[in-house]
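Written out below as C-alpha cells is the structure these notes cover.
The values are calculated or read from the model by the stated rules, or taken from the named source; none is laboratory data. Since the model is a prediction, treat every value here as computed from it, not as a measurement. Here the Cβ is made from the backbone with ideal geometry for all residues, glycine too, and neighbour counts use every protein chain on show. Only protein heavy atoms, including side chains, enter the accessible area calculation; ligands, DNA and RNA are left aside. Shrake-Rupley method; radii C 1.70, N 1.55, O 1.52, S 1.80 Å.
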Amino acid sequence: HCLTVRAVCQREIDYDRRNGYSWKITLLRNYWKSKVKQEWLSGKYSHIHSRSSLPEKSMYPMDADTWGEILEAELER
C-alpha cells in the first residue's frame with residue numbers, strides 16, 4: 001500500500017520517512033490524500049461547474065505544491 005500511495009504522493013512520503021515516521025504512520029498520514037490527489041490528477045473533476053457539484057470526498061488538505069501539480073495537469077488536458 002505504501003508504494004501505491006508513494007506513486008502519487010512521492011514528495012510527501014519521502015518527507016515523512018526522512019522525518020522518522022514509520023511506514024504505518026506515513027501510510028495513515030497520506031492514504032486519503034493520495035486517493036483524492038489521484039482523482040484530481042486523472043481529470044475526474046475537470047468539468048465541474050461549481051463547488052456544489054463536487055462530491056463530498058473530493059477535497060483534502062493539500063499544500064500549494066500539490067495544488068500546483070493538479071493545476072499543471074489540468075492545463076495539459
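Listed values, structure above:
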quantity	calculated
Every residue from segment 42-54 that is outside any helix (DSSP H, G or I) and either aliphatic (A, V, I, L, M) or open to solvent by 60 Å² or more (accessible area, probe 1.4 Å) (or both)	Ser42, Lys44, His47, Ile48, His49, Leu54
Candidate set: segment 55-77, residues that are part of a helix (DSSP H, G or I) and of a type in the set (A, V, I, L, M, F, W, C); chosen: the one farthest from the chain's Cα centre (by Cα)	Leu75
Failed condition for Met62, given (1) open to solvent by 100 Å² or more (accessible area, probe 1.4 Å); (2) out of contact with any Ser or Thr (no Cβ under 8 Å at 6 or more places or on another chain)	(1)
Qualifying residue in segment 42-60 (condition: on the phi < 0 side of the Ramachandran plot, in contact (Cβ under 8 Å) with a residue 24 or more places away in the chain and hydrophobic (A, V, I, L, M, F, W, C))	no
Count - residues of segment 1-10 that are under 16 Å from Met62 (Cβ atoms) and either in contact with a Cys (Cβ under 9 Å, 6 or more places away or on another chain) or open to solvent by 90 Å² or more (accessible area, probe 1.4 Å) (or both)	1
Inter-residue pairs, beta-carbon under 8 Å, first open to solvent by 60 Å² or more (accessible area, probe 1.4 Å) and in segment 14-30, second among the β-branched types (Val, Ile, Thr) and part of a helix (DSSP H, G or I), 6+ apart	Arg17/Thr26
Residue among Glu39, Glu72 that is open to solvent by 90 Å² or more (accessible area, probe 1.4 Å) and charged (D, E, K, R)	Glu72
